[in-house]
1. For Ser49, only one of the following conditions fails: (1) within 30 Å of Asp167 (Cβ to Cβ); (2) surrounded by fewer than 16 Cβ atoms within 10 Å (Cβ to Cβ); (3) polar (S, T, N, Q); (4) free of Cβ contacts under 8 Å to residues at least 60 places away in the same chain. What is its number?
2. Looking at Val174, Val199, Val169, which one is among the β-branched types (Val, Ile, Thr), surrounded by 15 or more Cβ atoms within 10 Å (Cβ to Cβ) and touching a Lys or Arg at 6+ places or on another chain (Cβ under 7 Å)?
3. Only one residue in Asp155, Asp120, Asp107, Asp131 is closer than 18 Å to Leu168 by Cα, within 16 Å of the ligand (Cβ to nearest atom), of a type outside the set (S, T, N, Q) and surrounded by fewer than 16 Cβ atoms within 10 Å (Cβ to Cβ), so which one is that?
4. Residue by residue through segment 37-70, note down the ones that are assigned to a loop (DSSP other than H, G, I, E, B) and within 16 Å of the ligand (Cβ to nearest atom).
5. Among all residue pairs at least 6 apart or on different chains, which show Cβ distances below 7 Å where the first residue, located in segment 113-129, is charged (D, E, K, R) and the second is more than 11 Å from the ligand (Cβ to nearest atom) and in a loop (DSSP other than H, G, I, E, B)?
6. Mind listing just one residue for me: the one in segment 93-104 that is of a type in the set (Gly, Ala, Ser) and either surrounded by 21 or more Cβ atoms within 10 Å (Cβ to Cβ) or in contact (Cβ under 8 Å) with a residue 12 or more places away in the chain (or both) and, of those, farthest from the ligand (Cβ to nearest atom)?
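Only the coordinates and a few stated rules stand behind these numbers; no lab work does. Since the model is a prediction, treat every value here as computed from it, not as a measurement. Note that we place each Cβ from the backbone using ideal geometry, even for glycine, and neighbour counts take in every protein chain shown.
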Amino acid sequence: MTDETRLKITEIFHSIQGESTLAGERFSFVRLTGCPLRCTYCDTTYSYSGGKWMTITEIAAEVASHRTRWVCLTGGEPLAHPNALPLVKRLLNEGKKLSIETGGEEDVTPYTGLARIIMDIKTPDSGEKADRCFANLAHLNASDEIKFVVCSRQDYEWSKDICRRYDLVRRFTVLFSPAHGTLPLKSLAEWMLEDRLDVRLQTQLHKHIWGSSSIGV
Ligand code: SF4
């Protein structure tokens, strides 16, 4: 691999992180093109195809122009790209801290310890299954984060059960996020309080700032 290695990129942008325990931090986002899943609530369908080929040097230069401490690789599914690892290494060499948002269907092993992994566990109402996420759990670090996008009470009960079966609350930070426009934040908050559930309620901060249909923020 050389720094002329290329990746298909949907967008690179400078914004405020809206999700995870890093919400509120200034970030440079690199959105890679393509995803093997098709979640019912997906808000980045424009990343499924298209995009433009960029070299690692070009990507790193655009990221550097944002002058952020943090870079988020997102998608799409960033880990579906064979060249994601050299990009991660290049950005680390440039002194960046990295987070990677993954749908859970790809092997996280090469990336653990290099970046903070934010891994989805797909709920039944997502319409998708990413079975590899359960194998990935054995390789994640305590500093990595597990996210459930909850669409309904049924999803909530399912997510609670998965947390119990895999001891997730003790092992990781667990994020419960309501599917935007489907489940009210208040309902999820009240269920968590009733159940004394020690997961972290997450709202998509960027949608509160720029609106739910904005892209590139
Ligand atoms: S994994 Fe993410 S990008 Fe892929 S379809 Fe689901 S929500 Fe969309």
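1. Result: Ser49 passes all but (1).
2. Only one candidate passes the filter, namely Val174.
3. Sole residue among the options that is closer than 18 Å to Leu168 by Cα, within 16 Å of the ligand (Cβ to nearest atom), of a type outside the set (S, T, N, Q) and surrounded by fewer than 16 Cβ atoms within 10 Å (Cβ to Cβ): Asp131.
4. Leu37, Arg38, Cys39, Thr40, Tyr41, Cys42, Asp43, Thr44, Tyr48, Ser49, Gly50, Gly51
5. Note: pairs meeting the criteria are Arg116/Ser143; Arg116/Asp144; Lys122/Lys129; Asp125/Cys151; Asp125/Ser152.
6. Residue satisfying both the conditions and the ranking: Ser99.
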